[in-house]
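Everything below concerns the one structure shown next.
The values are calculated or read from the model by the stated rules, or taken from the named source; none is laboratory data. Keep in mind that what you see is a predicted model, and the values were worked out from it rather than measured. FYI the Cβ positions are ideal-geometry reconstructions off the backbone, even for glycines, and counts take in every protein chain you see.
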Amino acid sequence: MCNLYSMTKPQAAVRATFRVTRDLTGNLPSMTGIFPDYPAPIVRVADGDRELTMARWGMPSPVFALKGRTADPGVTNVRNIASPHWRRWLGVECRCIVPFTSFSEYEAGPDGKKVPVWFALDDSRPLAAFAGIWTNWTSVRKAKEGEVTADIFAFLTTEANADIAPIHPKAMPVILTTYEEVDIWLRAPMSEAKALQRPLADGGLQIVSKGARQDSDVES
């Protein structure tokens, strides 16, 4: 599963690419390493406007996964959208896109240690988006933090394509590369939008870095 990604393009590029009309993020820094439960930018529709805002990465875990636990850091990747747990958040009011420039999957090195392998659409790390869902939720995400109410998100996964499979054969994020795909995900009924939960075409991703917990080759 993808549990680490980066978003290094300026927020002006995010606003222009995804036609955002309201930006609530303030001064959005370059984010070279976004981990689970980190706040990260998402684009959603609110009152008819496309809104760029921050949310914490990790949707509520299913009840069975919380047995014996006192905190829920959340689920970062969602695959089974037929599950009743996830179906409640598949309406357009809970869909979002998650801007990114690269993401990593872990590969076992010669010494057995897992090493991040960073993927992007090409070497320039152009802006793209994961198909995501979001909600506002009250829970204990960290024991030391206590109960909080926060906007939270996750993104969908699907079968791995030929680019990802040698590193992580089980799954890859659902990636939207065109404005039309973004528009369908944000506005269309699920009967139409669910077709976007498919692997990116083979050859659509490149390995741009290996071995770092951040994708430090930042592009402006």
- line: Scanning the range 33-82 for residues that are more than 18 Å from SER104 (Cβ to Cβ) and among the polar types (S, T, N, Q) gives THR53, SER61, THR70, ASN80
message: Condition (residue is surrounded by 21 or more Cβ atoms within 10 Å (Cβ to Cβ), under 15 Å from the mean Cα position of the chain (by Cα) and part of a loop (DSSP other than H, G, I, E, B)) applied to the range 176-192: is it met by at least one residue?
response: no
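In the range 130-157, how many residues are among the polar types (S, T, N, Q) and buried (at least 19 other Cβ atoms within 10 Å of the Cβ)?
Total meeting the criteria: 1.
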message: Against the conditions (1) surrounded by fewer than 14 Cβ atoms within 10 Å (Cβ to Cβ); (2) out of contact with any Phe, Trp or Tyr (no Cβ under 6 Å at 6 or more places or on another chain), where does ILE164 fall short? Just the number, please.
response: (1)
query: Across the range 64-82, what is the number of residues that are in contact with a helix residue (DSSP H, G or I) (Cβ under 8 Å, 6 or more places away or on another chain) and surrounded by fewer than 13 Cβ atoms within 10 Å (Cβ to Cβ)?
result: 1
query: Which of the residues that make up the range 29-54 are in contact with a strand residue (DSSP E or B) (Cβ under 6 Å, 6 or more places away or on another chain), among the aliphatic types (A, V, I, L, M) and either assigned to a loop (DSSP other than H, G, I, E, B) or more than 22 Å from ASP123 (Cβ to Cβ) (or both)?
result: ALA40, ILE42, VAL43, LEU52, MET54
message: Looking only at the range 1-27, how many residues end up being surrounded by 15 or more Cβ atoms within 10 Å (Cβ to Cβ), part of a loop (DSSP other than H, G, I, E, B) and at pLDDT 95 or above?
response: 6
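Yes or no, residue by residue, for (1) assigned to a strand (DSSP E or B); (2) more than 18 Å from the chain's Cα centre (by Cα); (3) of a type outside the set (S, T, N, Q):
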position: LEU90; (1), (2), (3): no, no, yes
position: GLU105; (1), (2), (3): yes, no, yes
position: VAL115; (1), (2), (3): yes, yes, yes
position: PHE119; (1), (2), (3): yes, no, yes
Extreme residue, nearest to PHE155 (Cα to Cα), among residues of the range 55-88 that are in contact with a Pro (Cβ under 9 Å, 6 or more places away or on another chain) and part of a loop (DSSP other than H, G, I, E, B): THR76
